[in-house]
Amino acid sequence: MKFVKASYHLKTKTVEYEAGDGTRLLKIGGALSWRFNNPGNIIALPNASRQKGRIGAGTVYNPKKNTFVIFSSIEIGEREKCALLKRKYKDNTISEMMLQYAPESAGNDPVAYANFISSESGVSKDKKISDLNVNEFDKVVAAISKKEGGLKPGTEKWVYVTNVTVSDGSRPVADVPFKVTLGSTTYEWKTDAYGKLKTIIHTEQGMAIILKYTNSAGKEDIVYSAVARDETKNILLTRNFSQFSAKTLAENPKVPREKSTQKPIEYIVMSGDSLSKIAERYKTSTDEIAKNNNIKDVSKIFPGQHLTIYGGNTSSPSVYIVSPGDTLAKIAAQNGTTVDELARENNISDPNKIYLGQSIFISTITEDSKASNPVSSSDKQALKPEHSVKKSPVNLNKKILESVGSKNSDEPIALLPHDQREAPWMAIAIREVIEWHGTGEKEITDNYHKLMGSKASLGSTAWCASFANYCLKEAGYDYSKSFTKSSQFPVYDKTKFVEIKNPVYGALMVFRTYIESSDEFTGNGHVTFVYGKTSNGDITGLGGNQGGKTYGGGTIKLSMYSTTKPTSRFKMTVRKKAETPVYQKFYKYYIPVAYKEYHSKISVELPLVDVDDVNKNLFGFDSETKSANDEGGGR
């Protein structure tokens, strides 16, 4: 089992290890080196990223205060101890090394330590580490482990948990109140910003777990009940918390509706859509939609493309994404409008109820702007944002309106909610690719590592995973905090992502890198979002750090990948060995846990797309460079 984080409880001398699925392992007592998975009792550095395999740190008093690294396993701790000796102390004798490794200022006796190692290993304390042969080095390492406590074991105890996520079938739902009964004690909990309840720890076998939700009639419904066992469970509760209303326009007088009287509706093209299907849904024509959106070929639209129904795309409407702490009143004040206007524009029946990640349509049309800014649709599309301008918001879950009746008939049009919930994070990815449209990573000023809390740069560290997590976070979905920069984050974070067998629009497509000579997994790979498929069956992936040298080392773009053969071959450093031949290959598909219910209802096949066509005509790439098969990604 792979542990992702650890914390130390000083009073009970207990390290609490947490796995990706929430399962805990408690290591109690024993030698510090055993408890911390740290055979060399390596001191924790201020910058945790400099110590590979480190998942935590703990402070002890022996008798002086020292903070030691907690490694994810004994094996990794042993590996890092050996690496430290060879890297930092290679030019030191054993005596010189101990002055730094076990300094007197930390409560040690470096002279006695060096004498112990020499006596135990049979190696002179005046011999340099770099001069030791393999046998001598192993003996010195074993002597250090013995001096540091010999990995004397204490007690191990496994603790299992229940993780609960609340979703509306597509998106996580925040601030949902529950009464949670654990055994004989009842708590009042709410879901967090990512739809998660506090982790329920199985403190004893047979403990009753009951979740109650108060319905609209004021009655408490039991929505989940179980008995705690020696296993970890991940529970997804699906419920439709959105409230919609259907409004019918007045029938008197009955006059034909002019085209100009119907307010424009923003629509995001979904996988499986065609212009004719959209026109039929909204009782308009393909020609009118094409004209209003400057579409030259009515047979060619792209997933994620924004269309304006009923009127030209000339008003530059904005869509605000609800963030934690937002209220409709606050959003209205920030945008110079009223709560009533926002509620009416967005079909919100209860102005006091909005949700994290929800898109709020904000009209920017005023009488003055109509008169003073007559900009055409084609002019709008020609304009590209300056890189210094912050992102314009995108529509993630706007309640688009379906028409019942005809726009030009004398029958009233009933407006019914049409909730676009297909992979909302793809709207963020598409926003980013359109903004940068082929710009190389060294020129992209949005450092996705930094935006996710890391100090790395795009040019120095593979950023495919940071980009994917950024898109999920911006869309209001839970993302990987423990493996933000790892391409394998959907594999490791089992409470947040689930595997699916077949690709769907927006799925996370994970690749792994293997050593050519042994087919051993290196721990590296690539991750991208599924967009469609090519005519020869390859999957097209929209992601960061793609395109290679052709795009300045990598950019955000659409690329094509095989699922049956290696997607790239190259050389890299593996376990300190430079220029190791490796290859990259597709591994599995994943989706966010909160999207599981919506995914189960998807029946459309992936759209057939031409990668270069989409990059140029939807994403705005200026380059005429053709995409290569399997051009790889973050390594």
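Summary table below
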{"quantity": "Single unsatisfied condition, Asp168 versus (1) over 30 Å from Leu26 (Cβ atoms); (2) modelled with pLDDT of 90 or more", "calculated": "(2)"}
{"quantity": "1 or more residues among the basic types (Lys, Arg) and more than 10 Å from the chain's Cα centre (by Cα): qualifying helices (runs of 4 or more DSSP H) within the stretch 446-502", "calculated": "448-451"}
{"quantity": "Condition check for Gly58: under 23 Å from Val161 (Cα atoms) and among the small types (Gly, Ala, Ser)", "calculated": "no"}
{"quantity": "Residue match in the stretch 571-578 (condition: at negative phi and buried (at least 21 other Cβ atoms within 10 Å of the Cβ))", "calculated": "no"}
{"quantity": "Every residue from the stretch 147-197 that is touching a residue at least 60 places away in the same chain (Cβ under 8 Å) and closer than 30 Å to Lys81 by Cβ", "calculated": "Glu148, Gly149, Gly150, Leu151, Lys152, Pro153, Gly154, Thr155, Glu156, Lys157, Trp158, Val159"}
{"quantity": "Selection within the stretch 585-603 - assigned to a strand (DSSP E or B) and closer than 23 Å to Glu432 by Cβ", "calculated": "Tyr589, Tyr590, Ile591, Pro592"}
{"quantity": "Selected residue (criterion: surrounded by the most Cβ atoms within 10 Å (Cβ to Cβ)) from residues of the stretch 537-554 that are more than 20 Å from Gly506 (Cβ to Cβ) and hydroxyl-bearing (Ser, Thr, Tyr)", "calculated": "Tyr551"}
{"quantity": "Scope the stretch 97-113; condition of a type outside the set (Ser, Thr, Tyr) and more than 20 Å from Glu80 (Cα to Cα); matching residues", "calculated": "Glu104, Ala106, Gly107, Asn108, Asp109, Pro110, Val111, Ala112"}
{"quantity": "Selection from the stretch 514-533 of residues that are surrounded by fewer than 24 Cβ atoms within 10 Å (Cβ to Cβ) and assigned to a strand (DSSP E or B)", "calculated": "Tyr514, Ile515, Phe521, Thr522, Gly523, Asn524, Lys533"}
{"quantity": "Matching residues in the stretch 548-580 - criterion: being under 23 Å from Ile428 (Cβ atoms) and assigned to a loop (DSSP other than H, G, I, E, B)", "calculated": "Gly552, Gly553, Gly554"}
{"quantity": "Test: residue in the stretch 59-76 that is crowded, with 19+ Cβ neighbours inside 10 Å, part of a loop (DSSP other than H, G, I, E, B) and at pLDDT 90 or above", "calculated": "yes"}
{"quantity": "Any chance Ile144 is touching a residue at least 60 places away in the same chain (Cβ under 8 Å) and surrounded by fewer than 17 Cβ atoms within 10 Å (Cβ to Cβ)", "calculated": "no"}
{"quantity": "One residue from Thr155, Thr162 being closer than 30 Å to Ser73 by Cα, surrounded by 13 or more Cβ atoms within 10 Å (Cβ to Cβ) and either of a type outside the set (A, V, I, L, M) or at pLDDT below 90 (or both)", "calculated": "Thr162"}
{"quantity": "The listed residue being at pLDDT below 65 and among the β-branched types (Val, Ile, Thr), out of Thr337, Thr364", "calculated": "Thr364"}
{"quantity": "Residue check, Lys585 charged (D, E, K, R), free of Cβ contacts under 8 Å to residues at least 24 places away in the same chain and over 29 Å from Leu275 (Cα atoms)", "calculated": "no"}
{"quantity": "The stretch 122-141, subset of a type in the set (Val, Ile, Thr) and touching a residue at least 24 places away in the same chain (Cβ under 8 Å), residue surrounded by the fewest Cβ atoms within 10 Å (Cβ to Cβ)", "calculated": "Val141"}
{"quantity": "Test: residue in the stretch 28-37 that is among the β-branched types (Val, Ile, Thr) and more than 32 Å from the chain's Cα centre (by Cα)", "calculated": "yes"}
{"quantity": "Count of residues meeting criterion [buried (at least 16 other Cβ atoms within 10 Å of the Cβ) and modelled with pLDDT of 65 or more] in the stretch 301-332", "calculated": "17"}
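The values are calculated or read from the model by the stated rules, or taken from the named source; none is laboratory data. In this text, all values refer to a predicted model and were calculated from it rather than measured experimentally. Don't worry about glycine lacking a Cβ; one is built from the backbone with ideal geometry, like all the others, and counts go over all protein chains shown.
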